[in-house]
Amino acid sequence: MKAFMVQQQEFEELFALTRALVDINSISGEEANCGHYVHDYLAGRNFQVEKLPVTADRFNVFATCGKPEIVFSTHMDTVPPFQEAREDGEFIYGRGSCDAKGILASQITAAERLRREGMENFGMLYLVGEEVTSDGAQAANCVPCGTRFMINGEPTENKLALGTKGLLRLDIRTRGKMAHSAYPHLGESAIEKMLDVLNDLRRIKLPRDPVLGQATLNIGLISGGRAGNVIPDETYAQVIIRTVSGENRRADLKEEIRSLVGARAECEFVRETPPILMQKIDGFQSDVVAFTTDLPSLTAWGEPFLLGPGSIHVAHTDHERIRKADLVEAVDLYCRLARQLKKRLAESAKTRGNW
């Protein structure tokens, strides 16, 4: 009976923490309030907690129990627009419920359970900026603490990811000359230039990987022009390629894009995150995901693993949600993964001792 009551209390606190985190507006660049809340929550539960500076008013949160060999991690920032939490019997809804505040709550709940069981020497690292440039992860990578394993959280439907695609972001600008649209020969259309460039980009043959699958290209943003009766003088587009190949092939792809664009437009590669492959562990369902995470920017924090509740298909949507049962399952999975990694460390230490 006592064990049942402890379990019920754990579930209630897990759901309450998820709702509380969702109710804090933490759109990328505005994560401070969420960071303060997470810091104070963990400090109130007697973890050793510190704020790791990223920019003037933005910081990561790092909490420890002993000297960490394993660290749980996810991000505190969300995409816009902010949406408050609501719930029904099955789901918690709202911005970040799935990506990734429900994950954060599951990791904290797992950490508290592991500590009650007597586990030591683990930590939690909660980051800013993942949805934009991973600047929080990049800052954290400059101050590693000797951890051996990084368990990162993203919506993988509680499956252990065996690989993630990379990301290559290209910003393009075309310039023209304004004129009255009745006399187009007096102007130069920046939009027509952009259409030609983008049409050529769509025809690039992208590589395929046997594990990660096909690389893909998305023209996610186009803006420009003054009015329907004005020849446009400037246009901007943002293109993201989900990459699957190694550094040399990505360099070739960038050179191909530069050559294709030529002098027709200004192009800048704003972000490049490499794809990664990860280990399979017995006893865990596995999958490959097409999205990008902070992990390629956290190489100094140990061998990476990626696991989290929720589906990426509802992340970044107006119906974002997380199933409560999946949050509960994630706590069990995080605990089981941490125990298995601890066992691996113990076996490794024993082998070294035999030498």
Within the stretch 72-106, of all residues that are of a type in the set (S, T, N, Q) and surrounded by 20 or more Cβ atoms within 10 Å (Cβ to Cβ), the one nearest to residue 133 (Cα to Cα) is 78
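Determine which member of the set 54, 71, 61 is touching a His at 6+ places or on another chain (Cβ under 7 Å), modelled with pLDDT of 95 or more and in a strand (DSSP E or B).
Answer to the check: 61.
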Please verify whether residue 46 is in a loop (DSSP other than H, G, I, E, B) and closer than 19 Å to residue 107 by Cβ, treating the condition exactly as stated. yes
Of the residues 265, 251, 300, which is out of contact with any Leu (no Cβ under 6 Å at 6 or more places or on another chain) and without any contact (Cβ under 8 Å) to a residue 24 or more places away in the chain? 251
Scan of the stretch 74-85 for residues that are under 21 Å from residue 326 (Cβ atoms) and either of a type in the set (Phe, Trp, Tyr) or not in a strand (DSSP E or B) (or both), ordered by number: 76, 79, 83, 84, 85
Where residues in the stretch 86-110 are touching a helix residue (DSSP H, G or I) at 6+ places or on another chain (Cβ under 8 Å) and aliphatic (A, V, I, L, M), which of them is nearest to residue 323 (Cα to Cα)? 92
Could you check residue 350 against (1) under 17 Å from the mean Cα position of the chain (by Cα); (2) more than 27 Å from residue 101 (Cβ to Cβ); (3) in a helix (DSSP H, G or I) and say which number it fails? (1)
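Please enumerate the residues belonging to the stretch 37-61 that are in contact with a Cys (Cβ under 8 Å, 6 or more places away or on another chain) and hydrophobic (A, V, I, L, M, F, W, C).
Of everything in the stretch 37-61, just one residue is in contact with a Cys (Cβ under 8 Å, 6 or more places away or on another chain) and hydrophobic (A, V, I, L, M, F, W, C), namely 47.
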Failed condition for residue 221, given (1) outside any strand (DSSP E or B); (2) at pLDDT 95 or above; (3) surrounded by fewer than 14 Cβ atoms within 10 Å (Cβ to Cβ), with all others met? (1)
From the residues in the stretch 112-143 that are acidic (Asp, Glu) and more than 25 Å from residue 33 (Cβ to Cβ), which one is surrounded by the fewest Cβ atoms within 10 Å (Cβ to Cβ)? 117
Taking residue 282 as meeting all but one of (1) surrounded by 17 or more Cβ atoms within 10 Å (Cβ to Cβ); (2) within 30 Å of residue 118 (Cβ to Cβ), write down the number of the exception. (1)
Quick one: is residue 162 over 30 Å from residue 49 (Cα atoms) and touching a helix residue (DSSP H, G or I) at 6+ places or on another chain (Cβ under 7 Å)? no
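Would you mention how many residues in the stretch 117-175 are polar (S, T, N, Q) and either touching a Gly at 6+ places or on another chain (Cβ under 6 Å) or without any contact (Cβ under 8 Å) to a residue 12 or more places away in the chain (or both)?
Selection size over the stretch 117-175: 3.
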Among the residues of the stretch 123-171, count how many are at pLDDT below 95, within 23 Å of residue 279 (Cα to Cα) and β-branched (Val, Ile, Thr). 0
Say whether the condition of being in contact with an Asp or Glu (Cβ under 8 Å, 6 or more places away or on another chain), aromatic (Phe, Trp, Tyr) and in the same structural domain as residue 299 (by TED's automatic domain parsing) is met by at least one residue in the stretch 112-129. yes
Please identify the pairs in which a residue from the stretch 5-20 that is more than 15 Å from residue 332 (Cα to Cα) has its Cβ atom under 8 Å from the Cβ atom of a residue that is at pLDDT 95 or above and aromatic (Phe, Trp, Tyr), counting only partners at least 6 apart or on another chain. 17/41; 20/37
Let me spell it out: the conditions are (1) within 30 Å of residue 279 (Cβ to Cβ); (2) surrounded by 15 or more Cβ atoms within 10 Å (Cβ to Cβ); (3) aliphatic (A, V, I, L, M), and residue 251 meets all of them except one. Which number is the exception? (2)
For residue 269, only one of the following conditions fails: (1) touching a Lys or Arg at 6+ places or on another chain (Cβ under 7 Å); (2) surrounded by 19 or more Cβ atoms within 10 Å (Cβ to Cβ); (3) closer than 30 Å to residue 194 by Cα; (4) modelled with pLDDT of 95 or more. What is its number? (2)
Filter the stretch 304-325 down to residues that are surrounded by 20 or more Cβ atoms within 10 Å (Cβ to Cβ) and not basic (Lys, Arg), then give me how many there are. 10
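The values are calculated or read from the model by the stated rules, or taken from the named source; none is laboratory data. Model, not experiment: these values are computed from the prediction. Positions of Cβ are generated from backbone atoms using ideal geometry, with glycine treated the same way; all protein chains shown enter the neighbour counts.
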